[in-house]
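Let me begin by presenting the structure, written as structure tokens, before commenting on it.
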Amino acid sequence: MKYRIKIGRTVFANPVLAASGTFGFGLKFPGVANRIGGIVTKGITVEPREGSPLPRIYEFPGGILNSVGLENPGVRRFRKEILPELRRLKCRVIVNIAGFSIDEFIELVDGLDYKRVDGFELNLSCPNVKNGGVTFGQSPRMVERITKAVRKSTNKTLIVKLTGNFIDPLKTAKAAEQGGADAVCLINTLFGMALDESGRHFLGGRTGGISGPCLKPFALFCVERVASKMTIPVIGCGGIMSGMDAIDFLSAGATMVQVGTASLVNPKASLAVWQALGDWCRRHEVKDWEDIVGRTKRQD
Amino acid sequence: MKYRIKIGRTVFANPVLAASGTFGFGLKFPGVANRIGGIVTKGITVEPREGSPLPRIYEFPGGILNSVGLENPGVRRFRKEILPELRRLKCRVIVNIAGFSIDEFIELVDGLDYKRVDGFELNLSCPNVKNGGVTFGQSPRMVERITKAVRKSTNKTLIVKLTGNFIDPLKTAKAAEQGGADAVCLINTLFGMALDESGRHFLGGRTGGISGPCLKPFALFCVERVASKMTIPVIGCGGIMSGMDAIDFLSAGATMVQVGTASLVNPKASLAVWQALGDWCRRHEVKDWEDIVGRTKRQD
Amino acid sequence: MWIEQPILATHVKPGQFLNIKVSSEPDPLLRRPISVADVTGEKVRLVFRVVGRGTELLSRNRAGDIVDVLGPLGKPAMIFRNRDIIVCGGGVGAAPLLYLTRYLDKCSRVEVFLGARNRSQLILVADFRKLGIKPEIATDDGSMGWHGPVTEPVFRAVQKKKRPIVMACGPKPMLVDLVAKVDPVPVWGFVEQRMGCGVGICYCCGLRRKNGGYIRLCQEGPVVLLNEVEL
Amino acid sequence: MWIEQPILATHVKPGQFLNIKVSSEPDPLLRRPISVADVTGEKVRLVFRVVGRGTELLSRNRAGDIVDVLGPLGKPAMIFRNRDIIVCGGGVGAAPLLYLTRYLDKCSRVEVFLGARNRSQLILVADFRKLGIKPEIATDDGSMGWHGPVTEPVFRAVQKKKRPIVMACGPKPMLVDLVAKVDPVPVWGFVEQRMGCGVGICYCCGLRRKNGGYIRLCQEGPVVLLNEVEL
Ligand SMILES: Cc1cc2nc3c(=O)[nH]c(=O)nc-3n(C[C@H](O)[C@H](O)[C@H](O)COP(=O)(O)OP(=O)(O)OC[C@H]3O[C@@H](n4cnc5c(N)ncnc54)[C@H](O)[C@@H]3O)c2cc1C
Ligand SMILES: Cc1cc2nc3c(=O)[nH]c(=O)nc-3n(C[C@H](O)[C@H](O)[C@H](O)COP(=O)(O)OP(=O)(O)OC[C@H]3O[C@@H](n4cnc5c(N)ncnc54)[C@H](O)[C@@H]3O)c2cc1C
Ligand SMILES: Cc1cc2nc3c(=O)[nH]c(=O)nc-3n(C[C@H](O)[C@H](O)[C@H](O)COP(=O)(O)O)c2cc1C
Ligand SMILES: Cc1cc2nc3c(=O)[nH]c(=O)nc-3n(C[C@H](O)[C@H](O)[C@H](O)COP(=O)(O)O)c2cc1C
Ligand code: FES
Ligand code: FES
């Protein structure tokens, strides 16, 4: 069986990506990055960002809350310091970008028009920033406008990362499709918060985003809801910890998957997911991804 | 300290209720029901409903998925067989009602105009029915229309139970307030689904609703978001397993809380939550609910 | 596994089950239902097979550990008097039948049939013998007793009786096969179904009746007249 | 607790930590960071206090158990040569200082100060002695050594030295107090911060620098020049 998958102009060696924000820039673990489908970088903004006050992470049964607040060096330092390093990687590199206006999104793709950048993931779903992020992703109109504007500026592969927070992702996925996206990624973290014993917000950023195993049933629901109604592929994300989790997302209709929180627990998690997925396919003599992708609906 | 709380015309002995669908009709455990603030019954519809095919429950790290599908005897048999039994209870009884049209909601409150019914909780948020339920709760306009219509038909206490699925609960809470609700309850279960090893839906009803501990961070977020912007009280619900969980919801702005899934694990859970909450108040020498309710915002 | 709880031991009847919180942690969250296999003095005996994480955690308990148990739950099985009762257990399904047989044996004529995949999967044979009953054995691989499904010797036994009653516990396919084979003889069976609360408050354990509607297995069951439900 | 892992033991340097999955279950999900307290042969020693569920589960390990450990992580502490080094540990903070002192002692003049709430909370005193160092003790209740905060004897010691360096580990209030007291003497401290990955890929462990920006504690730390960061 051929494991390759093409999305936009990019051919991925296999359908497992490291999710944005949970694998840095892939440089710490090139041995992992080079053996999975590719990596999605930490979100990059036009200006450098310090991120949220501490603490930034909270644990609860089944998942975590984070409020990193898009800490990143900004596009210029990313270009100068990180991009050259990324040339060492052999895998596909998708840069996750977060603009606070349409112009910023264009500035970001214009400023990253390098060969080493295989494509962009538009982060229209970060719950940890005041403007932009999830507020864009909650408006189908904005999703379409931003996608369209970016599409005009670049021929590179374009993934739109959507939210399940307070908006039907089918609406925003349709908008991204309309805007010319090559794929949508479902889903980013869900809104959440935690208090300490004195009733104060536990996280420095007050509220955060839910990720980890407990996100899976909801993310799977979103993927199934959206996938069969789209002409562009869906990338599934949310609580994938194992190869079987990945297969569930493919069954629900995802063409590829992203592994997030699992990498915090085990930096090799995305590779482990891919290996387990590959093993499963061999064991079940899967001939073609098409046999698995979307099989839930077909078996209903 | 006085633990009593008044919502609409109803005085509750304390702020802990058993959530709808997770405590039957309160008749199995009168010793629990009579010592908490009150019970909310399993959802009642006009016609009897068989509910969803099996299995109806699935477990994952941090929570469960259920698709009971509103199995219930219908309003007539409820009136004939269950209502007389409910007279044995001394606590407040709120009947959770689920109509599939505005007329049905009116039929339900009209058919339940008995003294033993202290109030109604409009279920505009059930994810396990094809029409009505969450589809009503995703439309602020429908929420307002239904609430208004029911308000005209009854003077009893009126709670509107809202969803966090694909809609900003602030919008629907405002609509419920506008419609004349005495309180809103946040939140019902989140959409979710699970697959079995062959890629088929695990639940007989295909998709289900997420509840349990992992729902808490999201529910808490919803409560905080809504509570400070409303003139009517918010009842918090989602993942409350302990007294400390309840205090978190009060801190975030809830006036009362409902205990759901915890009762499946331990039928006395709601009473245990109330006892722990009471103990905590005594230990911290709380003089008034107002000292706790909404303290997070005040301490920010 | 034995649970020592005098009140429980005094009150629990054949057919009833316990709902056990296998871990004090929130995961796994739900309790696991296990039937009562026997009662001796102040002790309740449970026999279960490790099939997943819940039963695995339960099996880790050592003598002296305290377990969080809810019960007795469910409706006691009917104890028929002066009838010919054929008791049929498959695999770990033999467990609850032991306690049931102890009761039935006092007031009816009881014959016991135990089936399993092979000899080593057979359980509680000696315990039945201690009741003074010699269970007939059947194994799928013929490693002991009748070579084939236990439902066959049961079928033959049923034919010899007047107005017999079958009481069975085992895997779903066995129960389905049994009901079909002995039709129209009434078969009372222990049914397993995913449960939420086990106490009748969540409606997660519905079992479909042939003439429509669901019953709550944790209330009307777990022992039900199989002829009337959809398995 | 001792972990036997030859490669780990050869490579781990003072100041580094391990990130430990305390349970094979998904809950608790995240690893728990624990500093290396010492290395003997092929064994790495960890000393930790049970403060919550994670450390509780970790403490349940018995000799021979296999633990899932990631490391060595973090930047090794600076090993200054030919300087006067004042080592200051508070409570369980003494742990990573033991291994550090073993290194420092070979190339600098080292004095060790250990503080704790009371005598029974003092740890590793004998182990320091085995290095040939006699730690000065301070307890809040005066049950052993100086009666008062350990930062006071440290302050006095610092004043006697030329260009001293303080290396400290302990609760945040102690570190804050220390930096203020000995100012402008450089204080290198072990900082504890909630971590996500421990390997620099999640940006959850930010520590604010006084002149702006965050550093990742798991990368630039856990031992950092406290004078430059906001605690
Ligand atoms: C009334 C009743 C009596 C039972 N008595 C016995 C007994 O005496 N001995 C014995 O070995 N087993 C018995 N079972 C089955 C036993 O409850 C399951 O094997 C057990 O719950 C599986 O849990 P697990 O975590 O090990 O497996 P998992 O595969 O992890 O189970 C996951 C989920 O499925 C549920 N589940 C899985 N299988 C079953 C099942 N067959 N029935 C109900 N829920 C299930 C669990 O409750 C849990 O929510 C009984 C079941 C019922 C309903
Ligand atoms: C680099 C580093 C080295 C450490 N070395 C040691 C050591 O040698 N000995 C020792 O006893 N302790 C050490 N700690 C602290 C130890 O990691 C925490 O006590 C432990 O993580 C608490 O987990 P818990 O589940 O028991 O507590 P919980 O209260 O359940 O912790 C919940 C969450 O908080 C985090 N957390 C809680 N307290 C801390 C803390 N102080 N620092 C970081 N995360 C925390 C946990 O990672 C977890 O995510 C170190 C911490 C860091 C960052
Ligand atoms: C610490 C952390 C940082 C994240 N940062 C980003 C980010 O910069 N951009 C983004 O699009 N998503 C970000 N995410 C979201 C993840 O990429 C992923 O969508 C989400 O965590 C759900 O998947 P998971 O459950 O596998 O983690 C972050 C998640 C975590 C936990
Ligand atoms: C088995 C089950 C049945 C439920 N049935 C209803 C219902 O009939 N009506 C309703 O409004 N909510 C129903 N709910 C939702 C709960 O009342 C509650 O809002 C939700 O479970 C979240 O709270 P929890 O996490 O404490 O369970 C049900 C939940 C469960 C688990
Ligand atoms: S398991 Fe809850 S009603 Fe039967
Ligand atoms: S803990 Fe993840 S970057 Fe430091």
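The values are calculated or read from the model by the stated rules, or taken from the named source; none is laboratory data. Model, not experiment: these values are computed from the prediction. Cβ sites come from the backbone with ideal geometry, for glycine too, and all protein chains shown count toward neighbours.
Taking each residue of the range B:186-201 that is under 21 Å from B:Arg225 (Cβ atoms) and looking for partners that are assigned to a loop (DSSP other than H, G, I, E, B) with beta-carbon atoms closer than 6 Å, six or more apart or interchain, yields B:Ile187/B:Gly164; B:Ile187/B:Gly238; B:Asn188/B:Ser125; B:Asn188/B:Thr163; B:Thr189/B:Pro127; B:Phe191/B:Pro127. Would you check if there is a residue in the range C:171-190 being of a type outside the set (Lys, Arg), within 16 Å of ligand 4 (Cβ to nearest atom) and at pLDDT below 95? No, the range C:171-190 contains no residue that is of a type outside the set (Lys, Arg), within 16 Å of ligand 4 (Cβ to nearest atom) and at pLDDT below 95. Of the residues that make up the range D:136-143, is at least one under 21 Å from D:Val12 (Cα atoms), out of contact with any His (no Cβ under 8 Å at 6 or more places or on another chain) and not in a strand (DSSP E or B)? The answer is no; no qualifying residue exists. Among residues that are charged (D, E, K, R) and within 14 Å of chain B (Cβ to nearest Cβ), C:Lys161 is not included.
Here is a yes/no grid of residues against (1) in contact with a strand residue (DSSP E or B) (Cβ under 6 Å, 6 or more places away or on another chain); (2) at pLDDT below 90; (3) crowded, with 19+ Cβ neighbours inside 10 Å:
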| position | (1), (2), (3) |
| --- | --- |
| D:Phe48 | yes, no, no |
| D:Leu57 | no, no, no |
| D:Ala63 | no, yes, no |
| D:Ile66 | no, yes, no |
| D:Asn82 | no, yes, no |
| D:Gly89 | yes, no, yes |
| D:Pro96 | yes, no, yes |
| D:Leu100 | no, no, yes |
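Every condition in (1) in contact (Cβ under 8 Å) with a residue 40 or more places away in the chain; (2) in contact with a strand residue (DSSP E or B) (Cβ under 7 Å, 6 or more places away or on another chain) is met by B:Cys281 except one, and the failing one is (2). Looking at the structure I just gave you, is A:Arg116 surrounded by 24 or more Cβ atoms within 10 Å (Cβ to Cβ), at pLDDT 95 or above and either of a type outside the set (Phe, Trp, Tyr) or closer than 21 Å to A:Lys28 by Cβ (or both)? In short, no.
Tell me the residue from D:Lys75, D:Lys21 that is surrounded by 20 or more Cβ atoms within 10 Å (Cβ to Cβ) and of a type in the set (Lys, Arg), please.
D:Lys21
The residue pairs whose first member lies in the range B:11-39 and is within 16 Å of ligand 1 (Cβ to nearest atom), whose second member is part of a strand (DSSP E or B) and aliphatic (A, V, I, L, M), and whose beta carbons are closer than 8 Å, counting only pairs six or more residues apart or on different chains, are B:Thr22/B:Val259. Within the range C:156-170, the set of residues being over 11 Å from C:Leu226 (Cα atoms), in contact with a helix residue (DSSP H, G or I) (Cβ under 9 Å, 6 or more places away or on another chain) and either at pLDDT below 90 or small (Gly, Ala, Ser) (or both) comprises C:Val158, C:Gln159, C:Gly170. Within the range B:230-254, being over 21 Å from B:Ala272 (Cα atoms) and not hydrophobic (A, V, I, L, M, F, W, C) holds for B:Thr231, B:Pro233, B:Gly253.
The strands (runs of 3 or more DSSP E) located wholly in the range B:182-255 that include 2 or more residues which are within 19 Å of B:Ala19 (Cα to Cα) and either in contact with an Asp or Glu (Cβ under 8 Å, 6 or more places away or on another chain) or facing chain A (nearest Cβ under 10 Å) (or both) occupy B:183-186, B:190-193, B:207-211. For the range D:60-75, the set of residues classified as without any contact (Cβ under 8 Å) to a residue 24 or more places away in the chain and closer than 19 Å to D:Val92 by Cβ consists of D:Arg60 only. Within the range B:212-227, can one find any residue that is charged (D, E, K, R) and touching a residue at least 40 places away in the same chain (Cβ under 8 Å)? Among the residues of the range B:212-227, at least one is charged (D, E, K, R) and touching a residue at least 40 places away in the same chain (Cβ under 8 Å), which makes the answer yes. Scanning the range B:125-177 for residues that are of a type in the set (S, T, N, Q) and part of a helix (DSSP H, G or I) turns up B:Thr135, B:Thr147, B:Ser153, B:Thr172. When you scan the range B:161-170, do you find a residue that is surrounded by fewer than 24 Cβ atoms within 10 Å (Cβ to Cβ) and among the charged types (D, E, K, R), even just one? There is at least one residue in the range B:161-170 that is surrounded by fewer than 24 Cβ atoms within 10 Å (Cβ to Cβ) and among the charged types (D, E, K, R). Taking the criterion of being under 13 Å from the mean Cα position of the chain (by Cα) and among the hydrophobic types (A, V, I, L, M, F, W, C), the residues of the range A:158-182 that qualify are A:Leu158, A:Ile159, A:Val160, A:Leu162.
Being surrounded by fewer than 24 Cβ atoms within 10 Å (Cβ to Cβ), at negative phi and within 14 Å of chain A (Cβ to nearest Cβ) narrows it down to one of B:Ala272, B:Ala276, so name that one.
Answer to the selection: B:Ala276.
Note on the range D:21-49: residues that are free of Cβ contacts under 8 Å to residues at least 60 places away in the same chain and within 14 Å of chain B (Cβ to nearest Cβ) amount to 7.
Every residue, every condition in (1) without any contact (Cβ under 8 Å) to a residue 40 or more places away in the chain; (2) touching a Phe, Trp or Tyr at 6+ places or on another chain (Cβ under 8 Å), yes or no:
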| site | (1), (2) |
| --- | --- |
| D:Ser120 | yes, no |
| D:Ile123 | no, no |
| D:Arg129 | yes, no |
| D:Thr139 | yes, yes |
| D:His147 | yes, no |
| D:Val150 | no, yes |
| D:Val154 | no, yes |
| D:Lys160 | yes, no |
| D:Ala168 | no, yes |
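In the range C:166-212, the qualifying residues are those that are more than 27 Å from C:Arg49 (Cα to Cα) and touching an Asp or Glu at 6+ places or on another chain (Cβ under 7 Å), and the one that is farthest from the other protein chains (Cβ to nearest Cβ) is C:Lys210. Is it true that D:Leu104 is of a type outside the set (Gly, Ala, Ser), buried (at least 17 other Cβ atoms within 10 Å of the Cβ) and under 23 Å from D:Leu217 (Cβ atoms)? Criteria met by D:Leu104.
Where strands (runs of 3 or more DSSP E) fall entirely within the range B:1-98, those with at least 1 residues that are buried (at least 22 other Cβ atoms within 10 Å of the Cβ) and within 14 Å of chain A (Cβ to nearest Cβ) are at B:57-60, B:63-66. Mind listing just one residue for me: the one in the range C:185-210 that is near ligand 5 (Cβ under 8 Å from one of its atoms) and of a type in the set (A, V, I, L, M) and, of those, nearest to C:Gly71 (Cα to Cα)? Top of the filtered list is C:Val199.
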